[in-house]
1. Mind checking the angle between helix 83-94 and the chain's longest principal axis? C-alpha axes, 0 to 90 degrees, to the nearest 10.
2. Given springs between every Cα pair under 10 Å in a Gaussian network model of the chain, which of 78, 86, 189 has the largest fluctuation?
3. Compute the long axis of helix 207-217 from its Cα atoms, compare it with the longest principal axis of the Cα atoms of the chain, and write down the angle in degrees, 0 to 90, nearest 10.
4. Jot down the per residue volume, in cubic angstrom and as a whole number, of the convex hull over the alpha-carbon atoms of segment 45-101.
5. What is the distance, in nm, between label points placed 7 Å from the Cα along the Cα-to-Cβ direction at residue 204 and at residue 59?
6. Please report, largest first and rounded to whole Å, the three semi-axes of the ellipsoid equivalent to segment 214-258, where each semi-axis is the square root of five times an eigenvalue of the C-alpha gyration tensor.
7. Given the Cα-Cα distance of residue 88 and residue 332 and 0.36 nm per residue of separation, how much length would full extension add, in nm?
8. Run a plain Debye calculation on segment 134-211 (Cα atoms as equal point scatterers, no solvent) and give log10 I(q)/I(0) at q = 0.13, 0.18 Å⁻¹, rounded to two decimals, same order as the q list.
């Protein structure tokens, strides 16, 4: 079958909740993918940062195959021999005491919200049913009904209410607003160190440092959602490291599964995690043997191959070369590491058209927030491959 055949088949039998570029991929290796006709493309999206280690990394595949030959699922009704080793690996890498493993990023966010609310009730003495979490305008934390209920994007929330109460929204990058929004019932502040879906919005330097100080002074938990920005994507293992702070709750996902399996988690101190007791929270597939084997290898690859360092170096180079183009279409270039947003001027039209032209030249990128081209290749990318992409990006943007 040809690409159009596959696209027509999908449109006939799948709910239309996405608008993909008209390409049908069949193979992937490293930073490259191939469509059903055999045309190669450089992947500049990385499945929204889930492929930091690249497509089909050999160490991650080997760990997955070995585990599939032994044991795939037990549920948490029993112990299994990959659970403890993975928990040790991920907590030590993240500098946290304990992890509660889930599957998707949204599940990890929900877990973090439950953790902070329960802490508020059992440790802070917040009246039952009154706990509040502060969130930011422009946020994107997932697609569950609770999460879309505090999303400012009507596309995500319209038609899905009623929504869970207990959330207050403030402008992003505004610590004065954070301080003002805190009440005696505030238990946590949930924030993305860089807002990805809002168009790669980078806060001013020191934003998280100031937020950390405000939260500490008011006995409020700081939750950082690093599902997209974490595990090397922004040039540090975690983006919050740029401000020299540590969150109370760290939320991870995407690249934790190495591009092979859904793995996510919420990490915190042993004291904070102690608010959970058996039966409070769980997941049939969360922390399953296959996920743990894959996750352990995924973290090891990031550390062993120094992917945060390569992300920092290649990101600096990519942003510098993009700026040199002096494109009449570019309003702004934003980002850190290999999470880069190229904001297109309104008069040049939506970013979608530029992404379609890039696809024709063999570069796969995706628009976000209408006017922004997101450039986020696997962190294993080499300078020669960045140059290959820049040549084609230049043809489109110049």
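None of the figures in this text is laboratory data; all of them are computed from the coordinates on show. Small disclaimer: the values here were computed from a predicted structure and weren't measured. Reconstructed Cβ throughout: ideal geometry from the backbone, glycine too, with neighbour counts over all protein chains shown.
1. The answer is roughly 80 degrees.
2. So, out of 78, 86, 189, the one fluctuating most is 78.
3. 10 degrees
4. With only Cα atoms used, segment 45-101 gives 121 Å³ per residue.
5. So the label points at residue 204 and residue 59 sit 4.0 nm apart.
6. Rounded to whole Å, the semi-axes are 22, 12, 5.
7. That pair, residue 88 and residue 332, stretches by 83.7 nm at full extension.
8. The calculated log intensity ratios at q = 0.13, 0.18 Å⁻¹ are -0.40, -0.74.
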